[in-house]
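Novice: This is the structure I want to talk about, given as structure tokens.
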Amino acid sequence: MITMKDIAEKANVSIATVSRILNNDATLSVSEETRQRVFEIAKELNYKPVRRRSTNRANPPKTKESECYNIALLLAVSQHEETTDPYFSSIRYGIEEQCKQLPLHVSSVIRVNSGTDIQDLSQFDGLIVIGGIDPDDIQRHFPEERPIIFITQVIDVDGYDVVCSDLEAATEKIIDYLIALGHTRIGYIGGSETIKKFNGGKSYEVDDIRKRTFEKKMKALGLYEPYHVFVGDWGPAGGYELMKTAIDSGDLPSAFVIASDPMAIGALHAIHQANLKVPEDISIISFDDIDAAAFLNPPLSTVKIYAHEMGRLSANALHERRTGNRNIPVKIVTPAELIIRESCAKRGQNT
């Protein structure tokens, strides 16, 4: 039987390096040439990975319920994006925390379109996909009978478990709340969702569910103005630039729905730079309820998304499917709670 040692000797690298390359370890620092050579040698030698299971020779043979499954996380975001946006890091922490309570081991974290060459995912017992990654690409590289759990707000995936937050209902609640405060000219700041493809394939963009819901609701109310919708990069820098554009337009809405707290932080900076005040001149409300939201000036009204719990639920779902305790796909929708603080006020005489 061909082993990693055979591949290592032919590729002139260590066994550990072979293991990390074949497990798509994105933290491994090797040249792309070396990475590709290992994959090619493994294919040439017809290497078949042996799935790791928890073993204890003092115990009797493992049953389906007690064996330990190796899983991989597929992330649509870069390490920098995960670090700067607590939404993604909270999901990952939730997964890792719950896996410790289950016979699941996160053996690899793979970032799509980060230079990692993804040829075969068959060494894993299951996948948890975080963010927008093309489902067809995943299905082409992963055995059909093994479970895939998608944590996504934007992709319709038939036949697989999906964990998401009820952002549609939350967006509608935000608009109802702002209208109750007397705001009728309401703007939107957000980003688009990029659906990543494997191995340098061309990504494509789709509208975020918050933007789609905002437009639908405002049109139904007869209040929609397309020039009050601003879409750009996610994160504080994107929020800053989009709010600056809105201010410079000279036709500023009295309130804004902002798609994430990090974007709202940037938007607040642009508002302060323009010598405007929140909420006296502009009311803003966003999504995520990150830790910093309650300590901004003013404290930020936002929608609490239970990202950590979404991670835990996805691990539970994978374990259920892997062990055969559930055979039908489910869509798990977590609630999104409106948190009212001081960044919104009734429409005043200056608006």
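The values are calculated or read from the model by the stated rules, or taken from the named source; none is laboratory data. Everything numeric in this text was worked out from a predicted model, so none of it was measured. Positions of Cβ are generated from backbone atoms using ideal geometry, with glycine treated the same way; all protein chains shown enter the neighbour counts. Keep in mind that these areas ignore ligands, DNA and RNA; they rest on the heavy atoms of the full protein, side chains included. Shrake-Rupley method; radii C 1.70, N 1.55, O 1.52, S 1.80 Å.
Novice: In this structure, is Ile265 hydrophobic (A, V, I, L, M, F, W, C), touching a Leu at 6+ places or on another chain (Cβ under 9 Å) and open to solvent by 40 Å² or more (accessible area, probe 1.4 Å)?
Specialist: Yes.
Novice: I would also like to ask the following. So which residues in the range 313-328 are over 16 Å from Tyr69 (Cα atoms) and open to solvent by less than 60 Å² (accessible area, probe 1.4 Å)?
Specialist: Residues satisfying the conditions are Leu313, Arg326.
Novice: Considering only the range 226-235, state which residues are open to solvent by less than 70 Å² (accessible area, probe 1.4 Å) and either free of Cβ contacts under 8 Å to residues at least 60 places away in the same chain or of a type in the set (Lys, Arg) (or both).
Specialist: Residues of the range 226-235 that are open to solvent by less than 70 Å² (accessible area, probe 1.4 Å), as a first pass: 228-232, 235.
If the condition is that a residue be open to solvent by less than 70 Å² (accessible area, probe 1.4 Å) and either free of Cβ contacts under 8 Å to residues at least 60 places away in the same chain or of a type in the set (Lys, Arg) (or both), then His228, Val229, Phe230, Val231, Gly232 are the ones that fit.
Novice: Restricting to the range 97-124, count the residues that are under 21 Å from Glu309 (Cα atoms) and part of a loop (DSSP other than H, G, I, E, B).
Specialist: Number of matching residues: 4.
Novice: Six or more apart or on different chains, Cβ atoms under 9 Å: show the pairs whose first residue is in the range 257-278 and farther than 14 Å from Leu300 by Cβ and whose second is assigned to a helix (DSSP H, G or I) and charged (D, E, K, R).
Specialist: Hits for this filter: Ala270/Glu241; Ala270/Lys244; Gln273/Lys244; Ala274/Lys244; Ala274/Asp248.
Novice: Asp137 versus (1) in a strand (DSSP E or B); (2) surrounded by 18 or more Cβ atoms within 10 Å (Cβ to Cβ): which is the lone unmet condition?
Specialist: (1)
Novice: Leu127 passes all but one of (1) open to solvent by 10 Å² or more (accessible area, probe 1.4 Å); (2) not aromatic (Phe, Trp, Tyr); (3) not in a loop (DSSP other than H, G, I, E, B); which number fails?
Specialist: With (1) open to solvent by 10 Å² or more (accessible area, probe 1.4 Å); (2) not aromatic (Phe, Trp, Tyr); (3) not in a loop (DSSP other than H, G, I, E, B) applied to Leu127, the lone miss is (1).
Novice: Follow-up. Among (1) at pLDDT below 90; (2) over 13 Å from the mean Cα position of the chain (by Cα), where does Asp166 come up short?
Specialist: (1)
Novice: Among the listed residues Ile271, Ile195, identify the single one that is within 30 Å of Arg140 (Cα to Cα), outside the structural domain of Thr84 (by the TED database) and open to solvent by less than 30 Å² (accessible area, probe 1.4 Å). Break it down into steps so the answer makes sense when it comes.
Specialist: Numbers: Ile271 fails: within 30 Å of Arg140 (Cα to Cα).
When all the criteria are applied, what remains is Ile195.
Novice: A follow-up question, please. Which residue is most open to solvent (accessible area, probe 1.4 Å), if the candidates are limited to the range 2-30 and must be in a loop (DSSP other than H, G, I, E, B) and at pLDDT 75 or above?
Specialist: So, considering only residues that are in a loop (DSSP other than H, G, I, E, B) and at pLDDT 75 or above, the one most open to solvent (accessible area, probe 1.4 Å) is Asn12.
Novice: I would also like to ask the following. Out of all the residues in the range 148-166, is one or more touching a strand residue (DSSP E or B) at 6+ places or on another chain (Cβ under 8 Å), open to solvent by 30 Å² or more (accessible area, probe 1.4 Å) and part of a strand (DSSP E or B)?
Specialist: No, because not a single residue in the range 148-166 is touching a strand residue (DSSP E or B) at 6+ places or on another chain (Cβ under 8 Å), open to solvent by 30 Å² or more (accessible area, probe 1.4 Å) and part of a strand (DSSP E or B).
Novice: Can you confirm whether Lys244 is basic (Lys, Arg) and surrounded by fewer than 16 Cβ atoms within 10 Å (Cβ to Cβ)?
Specialist: The answer is no for Lys244.
Novice: Restricting the search to the range 275-293, which residues are among the small types (Gly, Ala, Ser) and open to solvent by less than 40 Å² (accessible area, probe 1.4 Å)?
Specialist: Listed by number, the residues that qualify are Ser283, Ser286, Ala293.
Novice: Still on this structure: Name the pairs whose Cβ atoms lie under 6 Å apart, with the first residue in the range 202-223 and under 16 Å from Arg185 (Cα atoms) and in contact (Cβ under 8 Å) with a residue 24 or more places away in the chain, the second open to solvent by 40 Å² or more (accessible area, probe 1.4 Å) and not in a helix (DSSP H, G or I), and 6 or more positions between them or separate chains?
Specialist: Hits for this filter: Met218/Tyr224; Leu223/Thr184.
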